[in-house]
Amino acid sequence: MGVRTRILLTFLVGALVLSGVLFFFTYTLTRSNLREREGELGLSNQLIAETLGSVRASLILATVITVLVGLMLGIVSSERVVRPLAGAADAARAIADGRLDTRLEPTDDPDLNALTDSFNDMVARLQDRVERDARFASDVSHELRSPLMTLAASVEVMLSRRDELPERGQAALDLLVADVARFSGLVEDLLEISRYDAGAVRLTRDELQISELVQQAVLASSMPRTAIQLDERCRETRIHGDRRRLARVVANLIDNARTHGGGNATVKVQPADDSAGHVWISVEDSGEGVPESDAERIFERFSRGAGASKRGTSEGAGLGLALVREHVRLHGGRIWVEPRRDASTGARFVVELPCDASSSH
Ligand SMILES: Nc1ncnc2c1ncn2[C@@H]1O[C@H](COP(=O)(O)OP(=O)(O)O)[C@@H](O)[C@H]1O
Ligand SMILES: [Mg+2]
């Protein structure tokens, strides 16, 4: 039974008991009084019956009024009790959605203030903790950045004299080059993710022609010769977005097609099926595809599919798709993975972005 119902019932029962007691005593006292002094005052039986009748009628009326007033008071006070609870529930939901600066308004009720104070105190600590964690990741990545740059520069110097090294030295140098590149990528990704956590990402939005954007992104990816299929209707489509981040999105999906998807990618640009004013950029490969049970999970941080962990740790850290999703979300779009729409096996990653409606069809 809810708090509201319970309060209401309490008021109702209280009103009933009160008026019952009142009824009983008033009625019986009046009756015995009348009967006692019947002879003394010379009252007729009829007069007594009439008096008792009108006493009973007014008592019934009083009972009805008491019960109604009790009911009304019950409704009003249960509302008043429940209202702060609803406020607290709203605040908790806002906090869960990431609005950590949400606080409860202080009230003039000392009983409630204890709750409000400890709630606000808890949120303040939570906010502090979350911000400290976000700062930590970003501080660590910053600290790693400069020695990494030194390392990369030194490796560059060694690379220019690679021929002078003995064969085993050359092999070691190649490993070093690959690892330094991977490590720098990881640190950059961590830095970017911590910016998202701190809410510090500001998009530099430009008017972008989507065909051009995709071409550039493909050229900058690890498979610059990837085929692009551009739907006629999207030739002039423009989007309002951050060039660097959107290019990262496409390049990342192509990199994944290379490392996880068998290396045979196609990028398609077409109008969205069901939502006007949206464009789809999809990257298809001919690998094993992503099982439906993994379709959500692979977009989480540090999550790598079963296939990836089997191949050891020489590839990414599982941050790629997490970042891709943050980028896409900030552009007001969505991303998901599905099986390819033709009969072949393989994954199809679809990025849906809002575009200028006038140019999409
Ligand atoms: N094209 C693809 N085909 C199959 N699996 C994929 C594909 N792209 C991504 N995945 C799965 O999603 C996981 C997460 O991808 P990502 O976040 O880019 O991390 P990483 O590439 O560092 O492993 C990968 O480990 C892989 O298992
Ligand atoms: Mg990846």
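Can you name the residue in segment 234-283 that is part of a helix (DSSP H, G or I) and of a type in the set (Lys, Arg) and is also nearest to ligand 1 (Cβ to nearest atom) among such residues?
Here the answer is Arg258.
Residue check, Gly42 against (1) at pLDDT below 90; (2) closer than 30 Å to Asp117 by Cβ; (3) surrounded by fewer than 12 Cβ atoms within 10 Å (Cβ to Cβ), all met but one. Which one?
(2)
Within the set of pairs 6+ apart or on separate chains, which have a first residue in segment 165-177 that is among the β-branched types (Val, Ile, Thr), a second that is assigned to a helix (DSSP H, G or I) and open to solvent by 60 Å² or more (accessible area, probe 1.4 Å), and C-beta atoms under 7 Å apart?
Val177/Leu159
So Gly74 passes all but one of these: (1) touching a residue at least 40 places away in the same chain (Cβ under 8 Å); (2) loosely packed, with under 11 Cβ neighbours inside 10 Å; (3) of a type in the set (Gly, Ala, Ser). Which condition number does it fail?
(2)
Results for (1) without any contact (Cβ under 8 Å) to a residue 40 or more places away in the chain; (2) closer than 26 Å to Thr266 by Cα; (3) surrounded by fewer than 16 Cβ atoms within 10 Å (Cβ to Cβ), shown as yes or no for each residue.
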residue	(1), (2), (3)
Arg182	no, yes, yes
Gly185	no, yes, yes
Leu213	yes, yes, no
Arg225	yes, yes, yes
Glu232	yes, yes, yes
Thr237	no, yes, no
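So the check is Cβ under 8 Å with 6+ separation or different chains; which pairs have a first residue in segment 26-48 that's over 18 Å from Ser58 (Cα atoms) and a second one that's surrounded by 14 or more Cβ atoms within 10 Å (Cβ to Cβ)?
Pairs that qualify, where the first residue is over 18 Å from Ser58 (Cα atoms) and the partner is surrounded by 14 or more Cβ atoms within 10 Å (Cβ to Cβ), are Arg35/Ile48; Arg37/Leu43; Glu38/Ile48; Leu43/Leu34.
In this structure, is Val177 open to solvent by less than 40 Å² (accessible area, probe 1.4 Å) and hydrophobic (A, V, I, L, M, F, W, C)?
No: the conditions fail for Val177.
Yes or no, residue by residue, for (1) more than 16 Å from ligand 2 (Cβ to nearest atom); (2) touching a Ser or Thr at 6+ places or on another chain (Cβ under 6 Å); (3) in contact (Cβ under 8 Å) with a residue 24 or more places away in the chain; (4) small (Gly, Ala, Ser):
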{"site": "Asn256", "(1), (2), (3), (4)": "no, no, yes, no"}
{"site": "His260", "(1), (2), (3), (4)": "no, no, yes, no"}
{"site": "Ala265", "(1), (2), (3), (4)": "no, yes, yes, yes"}
{"site": "Lys268", "(1), (2), (3), (4)": "yes, yes, yes, no"}
{"site": "Asp273", "(1), (2), (3), (4)": "yes, no, no, no"}
{"site": "Ala276", "(1), (2), (3), (4)": "yes, no, yes, yes"}
{"site": "Trp280", "(1), (2), (3), (4)": "yes, no, yes, no"}
{"site": "Gly287", "(1), (2), (3), (4)": "no, no, yes, yes"}
{"site": "Glu296", "(1), (2), (3), (4)": "yes, no, no, no"}
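For segment 316-360, which residues satisfy the criterion of being open to solvent by 30 Å² or more (accessible area, probe 1.4 Å), closer than 23 Å to Ala181 by Cβ and more than 11 Å from ligand 1 (Cβ to nearest atom)?
Glu326
Asp242 is checked against (1) over 28 Å from the mean Cα position of the chain (by Cα); (2) under 22 Å from Glu188 (Cβ atoms); (3) away from ligand 2 (no atom under 16 Å from the Cβ) and fails just one. What number does that condition carry?
(1)
Going by what's in this entry, would Ala200 be described as within 16 Å of ligand 1 (Cβ to nearest atom) and surrounded by fewer than 15 Cβ atoms within 10 Å (Cβ to Cβ)?
The answer is no for Ala200.
Read through the list (1) under 25 Å from the mean Cα position of the chain (by Cα); (2) open to solvent by 40 Å² or more (accessible area, probe 1.4 Å); (3) closer than 30 Å to Phe183 by Cβ, then give the number of the only condition that Glu143 fails.
Condition (1) is where Glu143 drops out.
The values are calculated or read from the model by the stated rules, or taken from the named source; none is laboratory data. Keep in mind that what you see is a predicted model, and the values were worked out from it rather than measured. Don't worry about glycine lacking a Cβ; one is built from the backbone with ideal geometry, like all the others, and counts go over all protein chains shown. Protein only, heavy atoms only, side chains kept; ligands, DNA and RNA dropped before computing areas. Shrake-Rupley method; radii C 1.70, N 1.55, O 1.52, S 1.80 Å.
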